[in-house]
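**Q** Provided herewith is a single structure, encoded as structure tokens, for subsequent inquiry.
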Amino acid sequence: MDNELYETQTNWSTSNASYPAPFDQPFYIIMNLAVGGAFGGDPEPDTVFPGEMQVNYVKVYDFVTTNSVSN
């Protein structure tokens, strides 16, 4: 974010499924201004609505493995 790498995942585990689940199926990007809940808590009385999210761009990479054989 803001020209800074946020996170890279190179290994993970999934309960009740083999690697690379769940990343072996299509995924979709969801960007929203969800308000409330356990993570951020409920809005304060002085919270300004409506909120705004400005996105300049989203970059997505597709990792493709190659199998090469050297002689």
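The values are calculated or read from the model by the stated rules, or taken from the named source; none is laboratory data. Because the structure is predicted, anything quoted here is derived from the model rather than measured. For accessibility, only protein heavy atoms count, side chains too; no ligands or nucleic acids. Shrake-Rupley method; radii C 1.70, N 1.55, O 1.52, S 1.80 Å.
**Q** Over the chain, with every protein chain in place, what whole percent of the accessible area is carbon and sulfur at 1.4 Å, could you tell me?
**A** Roughly 52 percent, rounded to a whole number.
**Q** Rounded to the nearest angstrom and ordered from largest down, what semi-axes does the equivalent ellipsoid of the chain get from its C-alpha gyration tensor (root of 5λ)?
**A** The three semi-axes for the chain are 37, 18, 11 Å.
**Q** Provide the per residue accessible area, probe 1.4 Å, for the chain, rounded to a whole number of square angstrom.
**A** Counting only protein heavy atoms, the per-residue value for the chain is 110 Å².
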